[in-house]
Amino acid sequence: MNPGVHTMTNPISQPFVLTESRCLTGVSVKCARVGDPAKPVLVQIRPMEYGMADPKTVLAEAYVPGSALKEGEFFDANFRYPVYAEKARNLAIVLMTDDPTRTVAVGRLGDVDKTGQLISQQPFTVGSLQISSNGATVTTLDGTYLVCKLRGARFTETEKRAYVGTFKAAKMSDILVSAGVEYPETGTDVAIILKRPDGSEIVSSPTQAHMLTEYIVNEDIQVFAHLRGSDRVTPFVFPGVQVREGELQPTANYETRSVEFKDASKVVTTIEAKLPSGSSAQISIGVQGDFVQVAPIEATPLGDGVAEQTYERPDYPEANLDARTRIVLNGTPAARPEISNLRMWISKVA
């Protein structure tokens, strides 16, 4: 069945409000007349806006084949995924079909039900059944209500680890995890687990960058989503979990923009550097073809392993016309050099 060939625009809708937040898995509706078994029924959950079901927003939907309907019995519309319905939110069950002869069962205040009991109370306190001929305006049938059942999930496990996939890490020192998740309530949580062949695990939030202290080389990494919720509410992980690997290069070069050298005698460069044991930074000042490596003339500790270092190249050749600073970094995943707050100026002071 291809839902795209149906042009259902004449919905009926039943407003409702839940007394507790739940994950809905589907709706059951009682069929009064089957009609054409070749035509399906579309069942949706929509939010209410301005007193009617919002025609532009669908929270969940399911197609039910007409051949599955039986007169006088409930038919089940099962959503592909559970949908979180918040307590006290105004929602609506919406039904649409191309068959003008099909009907569903309703209850009316003042009628007698099949058990012989008088219907004297409203099953839905937020609104009666609504009908529409164009999907844009509705008529409310006061005292009339859809005969239906909402089905909410009751989870047998409050924690679940779901396998996502496996990827080959060629030479990985950095990881960027990106996963679309939804936390319906406080207390729900999702962790992305990267499991190595030796059984060790890297635990990540759904959006987190990881800098490893070693290269992971030629390993098959299994990816899992670990979900934690309650017996009534679950977090959601959407398709398209991404794990991007990066390879730290052992050396890197950086050159600043040029500074015009005129009426001066030296070039001074200051950086803030964090150089853990096993890493280094080489500073050169000059232009292409005339870079000269220089040593720091001053170092001031700033805390947290960071030091402000000052370099200068005296007697700078005026023929160079301008000057640049070149930085060559060397390091490993366990010893990553960090350079920031670079400043560069020229001076005629000796």
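The values are calculated or read from the model by the stated rules, or taken from the named source; none is laboratory data. On a predicted model such as this, the values are computed, not experimentally measured, just so you know. Heads up, the Cβs are rebuilt from the backbone with ideal geometry, glycines too, and the neighbour counts pull from every protein chain shown.
Under 8 Å by Cβ, and 6 or more places apart or on different chains, what pairs join a residue from region 292-313 that is closer than 18 Å to Glu338 by Cα with one that is of a type in the set (Phe, Trp, Tyr)?
Ala295/Tyr311; Pro296/Tyr311
Going through Lys87, Lys56 one at a time, which residue ends up being among the basic types (Lys, Arg), out of contact with any Asp or Glu (no Cβ under 7 Å at 6 or more places or on another chain), closer than 30 Å to Glu185 by Cβ and at pLDDT 80 or above?
Lys56
Could you grab me the full set of residues in region 291-307 that are surrounded by fewer than 14 Cβ atoms within 10 Å (Cβ to Cβ) and either in contact with a Gly (Cβ under 8 Å, 6 or more places away or on another chain) or not in a strand (DSSP E or B) (or both)?
Those that are surrounded by fewer than 14 Cβ atoms within 10 Å (Cβ to Cβ) and either in contact with a Gly (Cβ under 8 Å, 6 or more places away or on another chain) or not in a strand (DSSP E or B) (or both): Val292, Ala295, Asp304, Gly305.
Is at least one residue of region 241-255 aromatic (Phe, Trp, Tyr), closer than 25 Å to Val328 by Cα and buried (at least 17 other Cβ atoms within 10 Å of the Cβ)?
no
If only one of Lys87, Lys39, Lys70 is part of a loop (DSSP other than H, G, I, E, B) and either within 25 Å of the chain's Cα centre (by Cα) or among the aliphatic types (A, V, I, L, M) (or both), which one is it?
Testing whether each residue is part of a loop (DSSP other than H, G, I, E, B) and either within 25 Å of the chain's Cα centre (by Cα) or among the aliphatic types (A, V, I, L, M) (or both) leaves just Lys87.
Can you report the number of residues in region 187-213 which are surrounded by 15 or more Cβ atoms within 10 Å (Cβ to Cβ) and small (Gly, Ala, Ser)?
Of the residues in region 187-213, 2 are surrounded by 15 or more Cβ atoms within 10 Å (Cβ to Cβ) and small (Gly, Ala, Ser).
Inspect region 233-241 for any residue being without any contact (Cβ under 8 Å) to a residue 24 or more places away in the chain, assigned to a strand (DSSP E or B) and on the phi < 0 side of the Ramachandran plot and give the result as yes or no.
no
Out of region 269-290, which residues are part of a strand (DSSP E or B) and of a type in the set (Ser, Thr, Tyr)?
Scanning region 269-290 gives Thr269, Thr270, Ser280, Ser284.
Condition (residue is within 13 Å of Ser13 (Cα to Cα), within 36 Å of the chain's Cα centre (by Cα) and not basic (Lys, Arg)) applied to region 99-122: is it met by at least one residue?
Checked against the condition, which is being within 13 Å of Ser13 (Cα to Cα), within 36 Å of the chain's Cα centre (by Cα) and not basic (Lys, Arg), region 99-122 yields no hits at all.
Considering only residues that are surrounded by 12 or more Cβ atoms within 10 Å (Cβ to Cβ) and more than 13 Å from Val43 (Cα to Cα), which ones fall in region 75-90?
Scanning region 75-90 gives Pro82, Val83, Tyr84, Ala85, Glu86, Arg89, Asn90.
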